[in-house]
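Worksheet: one structure, shown below.
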Amino acid sequence: LSGRVEIGGAKNAALPLMAATLLVPGVHTLRNVPLLSDTRTMARVLETLGAKVAFHNHTCVVDTSDLDSFEAPYDLVRTMRASVYVLGPLLARLGDARVSLPGGCAWGPRPINLHLEGLNAMNANLEVEHGYIVGRGVRLKGADFHFGTVSVGATAQLMMAAVRAEGVTTLDNVAIEPDITALAEVLVACGAEIEGIGSRRLTIRGVKTMWPIDTAVIPDR
């Protein structure tokens with residue numbers, strides 16, 4: 001056999017990158033985005049927050065210049081757990097967030113406790129109200145946080161929050177999947193300061209200025 005096969009972009013790398021567009025106002029360009037229901041759902045979440053999203057084949061252009069909401073509603077979050085990724089970026093940029101728990105009010109068995117514990121260590125003071133994670137008037141600050149259990153989602157969440165937090169954040173026992181490495185490298189390309197990429201320990205110095213993302217999503221494994 002002889003020929004060429006185009007490898008699609010990794011969904012699990014595309015979703016946090018789409019959420020990361022909330023960190024910085026401006027026009028973001030993500031290429032090699034897989035056209036799946038999950039990426040469409042994340043686009044709807046971003047649009048609910050006030051972003052403008054357009055797909056051109058496998059290129060996704062996100063304009064986050066003007067956000068007019070900080071709420072990710074249950075009817076969207078329940079269809080895709082990764083929607084909770086918008087929590088950290090919203091807190092980092094706006095200081096306010098109201099994001100539905102993936103399972104509504106029955107949040108106990110849902111494995112997002114590390115997201116909440118990590119953000120609270122960074123001064124988020126989150127509360128759970130009527131099935132929503134709520135943060136008000138938050139000023140994120142650097143902190144030392146150890147993951148008792150390795151979590152890809154929580155690593156991405158705290159990394160995105162930490163790049164705009166005040167001070168230095170150390171994340172220990174982080175996930176090292178390619179999706180996490182790719183996210184870190186993109187954030188650095190946008191002005192973030194992250195040391196230890198690819199290792200189990202990340203040191204992140206919060207910055208005040210970053211610029212929009214322009215990157216290609218890594219291939220699906």
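Of these, R4, R44, which one is of a type in the set (K, R), at pLDDT 95 or above and surrounded by fewer than 24 Cβ atoms within 10 Å (Cβ to Cβ)?
R44
Cβ-Cβ below 6 Å, separation at least six or inter-chain, first residue in the range 30-41 and in a helix (DSSP H, G or I), second crowded, with 17+ Cβ neighbours inside 10 Å and of a type in the set (A, V, I, L, M, F, W, C): which pairs?
Filtered contacts from the range 30-41: D38/M80; T39/A14; T39/V33; T41/M80.
Among residues belonging to the range 140-155 that are in a loop (DSSP other than H, G, I, E, B) and not small (G, A, S), point out the one that is most open to solvent (accessible area, probe 1.4 Å).
Per the stated criteria, the residue is T149.
If you check D68 against the conditions, is it out of contact with any Phe, Trp or Tyr (no Cβ under 7 Å at 6 or more places or on another chain), of a type outside the set (G, A, S), open to solvent by 30 Å² or more (accessible area, probe 1.4 Å) and within 25 Å of A43 (Cα to Cα)?
So D68 passes the test.
Which numbered condition trips up A20, out of (1) surrounded by fewer than 24 Cβ atoms within 10 Å (Cβ to Cβ); (2) closer than 24 Å to I180 by Cβ; (3) of a type in the set (A, V, I, L, M); (4) touching a residue at least 12 places away in the same chain (Cβ under 8 Å)?
Every listed condition holds for A20 apart from (1).
So for the range 57-65 (the condition being over 27 Å from G118 (Cβ atoms), open to solvent by less than 80 Å² (accessible area, probe 1.4 Å), small (G, A, S) and at pLDDT 95 or above), does at least one residue qualify?
yes
Take the range 193-216 and flag every residue that is in a loop (DSSP other than H, G, I, E, B), under 17 Å from L22 (Cα atoms) and in contact with a helix residue (DSSP H, G or I) (Cβ under 8 Å, 6 or more places away or on another chain).
Answer for the range 193-216, where residues must be in a loop (DSSP other than H, G, I, E, B), under 17 Å from L22 (Cα atoms) and in contact with a helix residue (DSSP H, G or I) (Cβ under 8 Å, 6 or more places away or on another chain): G206, M210, P212, I213.
The values are calculated or read from the model by the stated rules, or taken from the named source; none is laboratory data. Here the structure is a predicted model, which means the values were calculated and not measured. Here Cβ is always computed from backbone atoms with ideal geometry, including for glycine, and neighbour counts include all displayed protein chains. We work out accessible area using only protein heavy atoms, side chains counted, and drop any ligands, DNA or RNA first. Shrake-Rupley method; radii C 1.70, N 1.55, O 1.52, S 1.80 Å.
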